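**Student:** The following block contains the structure, expressed as structure tokens.
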Amino acid sequence: MSFKELGISDKLIQGLDEMNIKEPTKIQKAVIPYLLTNAGDLVAQAQTGTGKTAAFGLPILQHINVKGEKIQAVIIAPTRELCQQLAKQLFKFTKYTDKIYTEAVFGGAKIERQIQALRRPTHILVATPGRLTDLIRRKAVDIRQASTLVLDEADEMLSMGFKKDLEFIFQSMPHKKNVWLFSATIPTDIKYLIKKYLDPDAKYIQTSGNEIVNENINHQFVPCDKDEKLSILQYFLKTQKSERGVIFCNTKASARSLYEQLQARKQSVGILEGDMQQKERDKMLRAFKGSKLNLLIATDVAARGIDIADLAFVVHFEIPRQLDYYIHRSGRTARAGKQGISMAFATKNDLSQIQKIESELGIKMKKVPFS
């Protein structure tokens, strides 16, 4: 099925063609026709990297009244990086359409400049929950006329502690609106928001089993002792040559320790961990996105919301205890129809977690011996 058959306008398709987006993904095929032809709330379970930005972005753009000057759609995302990425994508989609104005607001930037920018006509507002809450309280933004509210990476936002901000945003908007909630996982907090703020008849588009994770990911694990991990990692990185990837650790301390060990071995490596200042974080991300660095070591918290194209692999140097962390980590590779590797280093104590991941996600992780 083509984007035209899904109901997308020719001018938007021109923009997609220029971005080399030719065929809709599974989530786009499921979501776009529904959002174009139905009013009401939607809950979609969609992993990062499956094309959900276009799944909700294209219907929003197609519904925009370009002559209107009020905010018509609000998209909430967990981090500044994801906000910037979303705004950039929407801008690219609209290269051949009438002018649609999108503004991104997020923490870590001067709020005065954002207030100034919001005085211009804005059709779509992309925001982090905390910054939007602040702007509403200052009466610097009016979202009451918005007919669509999108929560992107909803589970990430709740795990980052934005529950109160999200509730405040819901309460700041009128009841007659479309709420589209996208989340890789549907934990208890998400179910609470759905029950409290969404229509009981909301449309559910949920994946199950091995559809929860991208089918182009090759899941592997290496049984090993803890003191073998560094040697195995070095061997694995040699097999990947100059490919780019992210290596995940469970704690800031282990991430920093691994970073120092790889630096000492002359690896081209960066790090993202929770104690870093925003300037350091931005600098590291620019270096990695600009291909000055091939490897990035990260904790789950520090990696939230980052969107980096063309990752050949992710490594679970330490296997996460939470299933949704495994889903989010793995979903950073195999983007845009490409293949990718999700490699886990499993000690004896981790083998039960490997079985749990396989069972609950409906996947088979290939055992790779190391000798």
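**Student:** Amide H neighbours of residue 179 under 5 Å, at least 5 residues apart or on other chains, H built in the peptide plane: list them.
**Tutor:** Correct list: 41, 42, 149.
**Student:** Under a no-solvent Debye model with one identical scatterer per Cα of region 1-129, what's log10 I(q)/I(0) at q = 0.11, 0.17 Å⁻¹?
**Tutor:** Computed log10 I(q)/I(0) values: -0.38, -0.92.
**Student:** Could you check which residue among 110, 292, 163 shows the biggest mean-square fluctuation in a GNM of the chain with a 10 Å Cα cutoff?
**Tutor:** 110
**Student:** Right, another one. Do the sum for the chain: with -39,500 (n - 2.57) for every DSSP H run of n ≥ 4, divided by all residues, what is the mean residue ellipticity at 222 nm, to the nearest 500 deg cm²/dmol?
**Tutor:** Roughly -11500 deg cm²/dmol at 222 nm, from the helical runs in the chain.
**Student:** On to the next question. What does the charge add up to near residue 280, with Lys and Arg as +1, Asp and Glu as -1, over the other residues with Cβ less than 12 Å from its Cβ?
**Tutor:** Counting the neighbours of residue 280, the net charge comes to +1.
**Student:** Quick check: the distance between the Cα centres of region 147-194 and region 347-371, to the nearest angstrom?
**Tutor:** 32
**Student:** Moving to a separate point now. How much net charge surrounds residue 199 when only other residues with a Cβ under 15 Å from its Cβ are counted (Lys, Arg +1; Asp, Glu -1)?
**Tutor:** Counting the neighbours of residue 199, the net charge comes to +4.
**Student:** If you don't mind, another one. By how many nm would the segment from residue 171 to residue 205 lengthen if fully extended, with 0.36 nm per residue of separation less the alpha-carbon distance?
**Tutor:** Taking 0.36 nm per residue and subtracting the Cα distance, the gain is 9.7 nm.
**Student:** What lysines could a cross-link reach from residue 70, if we take a straight Cα to Cα line under 18 Å and drop same-chain neighbours fewer than 8 places away?
**Tutor:** Straight-distance partners of residue 70: 99, 139, 176, 177.
**Student:** Which pairs in the list 29/163; 338/366; 226/356; 241/338 are over 22 Å apart, alpha-carbon to alpha-carbon?
**Tutor:** Table pairs above 22 Å Cα-Cα are 29/163.
**Student:** Determine, from the Cβ-Cβ distance of residue 66 and residue 283 and an R0 of 56 Å, the FRET efficiency 1/(1 + (r/R0)^6), rounded to the nearest 0.05.
**Tutor:** My answer for the efficiency is 0.90.
**Student:** Kindly state, to the nearest 0.05, the FRET efficiency for residue 235 paired with residue 215, given R0 = 22 Å and r defined as their beta-carbon distance.
**Tutor:** Efficiency computed from Cβ-Cβ geometry: 0.20.
**Student:** Can you tally the net charge around residue 160? Count Lys and Arg as +1, Asp and Glu as -1, for every other residue whose Cβ sits under 14 Å from the Cβ of residue 160.
**Tutor:** -4
**Student:** First measure r as the distance between the Cβ atoms of residue 92 and residue 138, then evaluate 1/(1 + (r/R0)^6) with R0 = 22 Å and state the FRET efficiency to the nearest 0.05.
**Tutor:** 0.10
**Student:** OK, next. Which one, (i) 28, 57, 14, 0; (ii) 24, 48, 25, 4, 0; (iii) 24, 40, 23, 11, 1, gives P(r) over Cα pairs in 20 Å bins from 0, in percent as derived from the coordinates shown?
**Tutor:** Recomputing P(r) over Cα pairs in 20 Å bins from 0, in percent here gives the entry labelled (i).
**Student:** Would you work out the relative contact order for the chain, in percent, from Cα pairs under 8 angstrom that are 6 or more residues apart?
**Tutor:** Taking the mean separation of contacting Cα pairs over the length of the chain, I get 19 percent.
None of the figures in this text is laboratory data; all of them are computed from the coordinates on show. Quick caveat, the model's predicted, so the values are computed rather than measured. Cβ sites come from the backbone with ideal geometry, for glycine too, and all protein chains shown count toward neighbours.
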